[in-house]
Protein chains: 2
Amino acid sequence: MTKQHTSDETVIDAEGDWQDPKVADAVAKIAQLRQSIDNIDMAIVAMLAERFKCTAQVGVLKAKAGFAPADYKREEFQLERFRRIAAAAGLDPQIAEMYRDFVVTEAKKRHKRIADAGDDPGVLDVFA
Amino acid sequence: MTKQHTSDETVIDAEGDWQDPKVADAVAKIAQLRQSIDNIDMAIVAMLAERFKCTAQVGVLKAKAGFAPADYKREEFQLERFRRIAAAAGLDPQIAEMYRDFVVTEAKKRHKRIADAGDDPGVLDVFA
């Protein structure tokens, strides 16, 4: 039985004793949507785990073959593709571009950490 | 038939005429991994579209009920949950936290854009 409501924060808890039936209805709907959000996050975290396993493998293959980390032709392909699939999925293309930027930036950071540690700087890939 | 190789960049193209059999093998493997990466990105973009549809609905419900955008109890729950599911999926928990931060930050930006436009600032949710 938690109900906490200040100007800064509202703790929404399905167990809370909301008096107003309309508010209680909103709380129930929010709880349902949050369950979907949690399921979506679980799916995305699982997909991110697979993505970083793939890019690590690409990084190793590139390093062994003596390829540079960057492949701008590939990056152009990805940018164009993200715009297309975001539009088809009903996602703001800016969010899709931010997601792409986030995974590429993180790959770069990990690349640098490995290089700084004295390991092969080509082990992690930048633009897989 | 594309083959471009400088110190800054290597355009890897499965159609390229790679002479060394080992290098040709690496190129084929990279092409295969990139197909998986592209499939993963498509799945994540679709999931992100659904997530932002959910948070928009939560924002509308919160605004109508007069709830504040923030719910730190919910945020604590999410932080703890992300650490757990990232570990289970084999994902660096830092990447999971960056993903969480990215979706929350983007929700905040969209919230502000709507407020600046003179619309209901509660329409988009911050910590759904």
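Any read-out appearing in this document is the output of simple, stated calculations on the displayed coordinates, not a laboratory observation. Please read all numbers here as calculations on a predicted model, not as lab measurements.
Things to note:
- Exceeding the 24 Å Cα-Cα cut-off - candidates A:LYS73/B:LYS22; A:LYS53/B:LYS53; A:LYS29/B:LYS73: A:LYS53/B:LYS53
- Centroid-to-centroid, using Cα positions, the range B:61-86 and the range A:35-90 are 27 Å apart.
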